[in-house]
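**Student:** Below is the structure I would like to discuss, written out as structure tokens.
The values are calculated or read from the model by the stated rules, or taken from the named source; none is laboratory data. Just so it is clear, the structure is predicted and the values come from calculations on it, not from any experiment. Cβ sites come from the backbone with ideal geometry, for glycine too, and all protein chains shown count toward neighbours. Protein only, heavy atoms only, side chains kept; ligands, DNA and RNA dropped before computing areas. Shrake-Rupley method; radii C 1.70, N 1.55, O 1.52, S 1.80 Å.
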Amino acid sequence: MPAFAPSPDNQHPRPARTGEAHAPFLARLRTGAHLLEAGCGAGEDLHYFRELGYVVTAFDASREQASAASRLCGQPVRVCHFNQMHSVLPFDGIWASASLPCLHEQELAPVLTHLASLLKPGAPLYCSFPHLDGAQGAGSPEGDYPLRVWLDEAGLRALMAPLPFEVPRLWCAEDGVNGRWLHALLLRQP
């Protein structure tokens with residue numbers, strides 16, 4: 001598995017696989033789990049999860065990126081924002097790689113609370129943020145994915161404290177394209 005997964009058009013590289021992000025998330029899932037990819041971009045991770053046999057519902061706020069993901073994976077991808085995503089049945093896991101930093105800081109807690117409402121109790125949510133110690137703005141793509149929020153470990157724990165998540169694992173990883181990123185595996189509290 002590569003350490004870095006560029007989008008098919010190489011315009012918006014995403015740190016999807018930086019820091020071995022898939023392994024701790026996948027370890028918490030059963031075979032055939034139904035996942036939500038929140039902000040799927042051009043579909044790199046959507047494609048990967050489908051290859052592993054997971055059922056994946058995906059969305060992105062960018063019509064262009066959702067279309068690219070749909071073409072790559074051969075399935076419909078919703079065009080919507082985080083707070084517009086709804087589901088009758090809760091998901092077994094949510095993958096939000098590099099998508100939450102595109103929100104404004106005041107949107108993070110409400111969006112994370114909304115995502116928690118879409119998860120089964122005890123289910124994992126993976127997310128990643130550019131690290132506060134990194135150079136803000138460095139590697140921040142324009143267009144579809146402007147980075148607006150940088151966090152460090154203390155900032156992420158403070159953000160999560162009032163939310164319905166446990167934080168069993170945080171780690172940092174760096175690559176030559178995206179810089180230093182903070183990765184978090186969260187679990188939906190019962």
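**Student:** How do the pairs read when you match residues in region 146-175 that are over 16 Å from Gln106 (Cβ atoms) and modelled with pLDDT under 95 with residues anywhere that are aliphatic (A, V, I, L, M) and open to solvent by 40 Å² or more (accessible area, probe 1.4 Å), using Cβ under 9 Å and keeping only pairs 6 or more apart or on different chains?
**Tutor:** These pairs meet every condition: Ala173/Ala3; Asp175/Ala3.
**Student:** Related question: What do you reckon, is Pro110 over 21 Å from Pro24 (Cα atoms), part of a loop (DSSP other than H, G, I, E, B), open to solvent by 70 Å² or more (accessible area, probe 1.4 Å) and at pLDDT 95 or above? Step through it out loud before you land on a result.
**Tutor:** Values: over 21 Å from Pro24 (Cα atoms): yes; part of a loop (DSSP other than H, G, I, E, B): no; open to solvent by 70 Å² or more (accessible area, probe 1.4 Å): yes; at pLDDT 95 or above: yes.
In short, no.
**Student:** From Arg63, Arg14, which residue is over 20 Å from Arg188 (Cβ atoms), at pLDDT 95 or above and not β-branched (Val, Ile, Thr)?
**Tutor:** Working: Arg14 fails: at pLDDT 95 or above.
The unique qualifying residue is Arg63.
**Student:** Something else: Inside region 72-89, can you point out the residues that are farther than 20 Å from Asp45 by Cα and assigned to a loop (DSSP other than H, G, I, E, B)?
**Tutor:** We begin by selecting, within region 72-89, every residue farther than 20 Å from Asp45 by Cα; these are 83-84, 86-89.
Once the filter is applied, which keeps residues that are farther than 20 Å from Asp45 by Cα and assigned to a loop (DSSP other than H, G, I, E, B), region 72-89 yields His86, Ser87, Val88, Leu89.
**Student:** Has region 76-84 got at least one residue that is modelled with pLDDT of 95 or more, open to solvent by less than 10 Å² (accessible area, probe 1.4 Å), closer than 22 Å to Leu185 by Cα and among the aromatic types (Phe, Trp, Tyr)?
**Tutor:** Filtering region 76-84 down to residues modelled with pLDDT of 95 or more leaves 76-84.
Filter once more, so that each one left must be open to solvent by less than 10 Å² (accessible area, probe 1.4 Å): none.
Looking for residues that are modelled with pLDDT of 95 or more, open to solvent by less than 10 Å² (accessible area, probe 1.4 Å), closer than 22 Å to Leu185 by Cα and among the aromatic types (Phe, Trp, Tyr), one finds none in region 76-84, hence no.
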